[in-house]
1. Quick check on the exposure proxy: order 23, 171 from fewest to most C-beta atoms within 10 angstrom.
2. Stretch residue 205-residue 71 to full length: gain in nm at 0.36 nm per residue minus the Cα-Cα span?
3. Given the DSSP H assignment, sum -39500 (n - 2.57) over each helix run of at least 4 residues in the chain and divide by its residue total; what's the result at 222 nm in deg cm²/dmol, nearest 500?
4. Take residue 3 and residue 139, extend 7 Å from each Cα along the Cα→Cβ direction, and tell me the distance between the two endpoints in nm.
5. Taking 7 Å along the Cα-to-C-beta vector as the label spot, tell me the residue 25-residue 189 distance in nanometres, rounded to one decimal.
6. Whole angstrom only: what separates the Cα centroid of segment 1-76 from the Cα centroid of segment 122-148?
7. What whole-number value in cubic angstrom gives the convex hull volume per residue for the C-alpha atoms of segment 51-206?
8. With 10 angstrom as the radius, rank 167, 75 by how many other C-beta atoms surround their C-beta, starting from the fewest.
Ligand code: PGA
């Protein structure tokens, strides 16, 4: 089954509007449109709208790093799916390990966010991944399958192709310690088999599963050559357009 590859950059709480504009200009000067891959950037909320036109011209799709689970109302400081779409987002990141650990997001909350995002016609990157303790205790497969199953609870079958799973081992995020291609492939195949059991073979074959955690231009080629790894979610190495571009080329 051939699945379109994805290269996504998660800028986290970095880059002002001006810095982000310069990033896109640099990218556009090097990379011509029409790559056979989905290139997605996740800037801060404040940069979404100002970047929307330039990103479109550069062949880049924008996503938000978070969404609130309700449609609207008295939720001071939160941002709804409709607002994200209004600002030019097509995607949203849900369940990133920083949201799970720093902001205490549970699987139940993550599931509400996934469903709210799909209801708002946003595509979702649902992030899952185990800690080093869980891996050492051989609990990693169980932990990740629960995160996937709980995150996708009551998601309509027809919405599943709009969801991408990002396997991001917590111990690999921002540490320089990447999963080996063998370990990553094993986990991606496991996630796909869980999706098959839960949601059926056809949809499991179609869904894209990307890897994140200290991806750089040195390790990207081997990782993205694995049969069940459909691209990557890049944090630190996405902050500089040249390093992001060199990862893109290696895919
Ligand atoms: P990293 O972050 O590439 O800096 O490890 C990945 C992520 O948090 O999505």
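1. 171, 23
2. On the way: separation 134, 0.36 × 134 = 48.24 nm, distance 3.14 nm.
The span from residue 205 to residue 71 would gain 45.1 nm if fully extended.
3. Details: 11 runs with 109 residues, N = 251.
About -12500 deg cm²/dmol.
4. My value for the distance between the label points is 2.7 nm.
5. So the label points at residue 25 and residue 189 sit 4.8 nm apart.
6. One Cα centre to the other: 25 Å.
7. On the way: hull volume 21.4 nm³, N = 156.
Hull volume over Cα atoms, normalised by residue count, gives 137 Å³.
8. On the way: 167 26, 75 11.
Ascending number of Cβ neighbours within 10 Å: 75, 167.
Since every read-out is calculated from the coordinates, none of them should be taken as a lab result. Quick caveat, the model's predicted, so the values are computed rather than measured. Note: ideal-geometry Cβ built from the backbone for every residue, glycine included; neighbour counts use all protein chains shown.
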